[in-house]
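For reference, the structure is listed below as C-alpha cells.
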Amino acid sequence: MARHVVLLRAVNVGGRWVKMQRLREVLTSAGFDDVQTHIQSGNVFLGSPMRSAQKVGAALEQLLEAEFGFAIPCVVRSPAQLRQVAEYAEGLPDPLEGGTLRRYVTFLQEPLPADRAAVLSEWDVPGERLHPVGSEIHWWLAKPAHEAKISNAVLERGGPVATTRDLKVVRTLADKWG
C-alpha cells in the first residue's frame, strides 16, 4: 500500500462542512487503508493500492463530491514530499528580516507555470513576501492574514488548484505522517 497525505481545499468554511469522522468512514468504506485526519481543515493520511498522486486525487475528488454534494479539490503528496517541504521551509531565510508574524505554505496540484512563478517571486507588498518553488509557494506575513493582499484565491489565478496551510500545521503533519 502506498501512503499519501491529502490536503482538502476549502472544507469547513463558507458552508462547505465535512465532519472528519464521516470523512474517515467514507474513505475507509471506499477501500482506503489506515485513514487518519488532523484538525478540522481537511488534512488526511491514507493508504491506497494506487501509487499515482494524480489518480488518488481524482478518485478522492469524485468520491467526496458524491458523498458531500460539492466539489472538494484534493492536493496529494507523499509523506516524504511533505517532510521535504517542511524541511525546506525551515531553511529559508526570513525576507522580512524578523518582522514575520505568520508563515504559510501553499500546495499546488501541479507545478506553477514559470511565468506565474516569476510574477509571484517579485511580490513586493509591504509586510508580504512569496517564494514559489515547484509545486509549493512559501509565504511570510508581517500582518494578520485577513489584512494581507495575498490570499489562496490570488495565488490560484493563472495557475493550478491550490490549498494553503500555516507552516506550524505543515510541520506538525510532517512530524506525524512524514
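Condition check: over 19 Å from the mean Cα position of the chain (by Cα), in a helix (DSSP H, G or I) and modelled with pLDDT of 95 or more. Does Val56 satisfy that? Judged against the criteria, Val56 is not a match.
Quick check: anything in the stretch 123-132 among the small types (Gly, Ala, Ser) and at negative phi? There is no residue in the stretch 123-132 that is among the small types (Gly, Ala, Ser) and at negative phi. Consider the stretch 119-164 and keep the residues that are out of contact with any Leu (no Cβ under 9 Å at 6 or more places or on another chain) and at pLDDT 95 or above. The one that is nearest to Leu8 (Cα to Cα) is Lys149.
Residues that are over 16 Å from Ala80 (Cα atoms), of a type in the set (Val, Ile, Thr) and over 15 Å from the mean Cα position of the chain (by Cα) do not occur anywhere in the stretch 37-52. Applying the condition of being among the hydrophobic types (A, V, I, L, M, F, W, C) and in contact with a Gly (Cβ under 6 Å, 6 or more places away or on another chain) to the stretch 108-158 and asking which residue is farthest from Ala53 (Cα to Cα) yields Ala142. Is it fair to say Ala59 is touching a residue at least 60 places away in the same chain (Cβ under 8 Å), surrounded by fewer than 19 Cβ atoms within 10 Å (Cβ to Cβ) and more than 16 Å from Asn12 (Cα to Cα)? The answer is no for Ala59.
The values are calculated or read from the model by the stated rules, or taken from the named source; none is laboratory data. Bear in mind the structure is a predicted one, so any value in this text is a computation, not a measurement. Don't worry about glycine lacking a Cβ; one is built from the backbone with ideal geometry, like all the others, and counts go over all protein chains shown.
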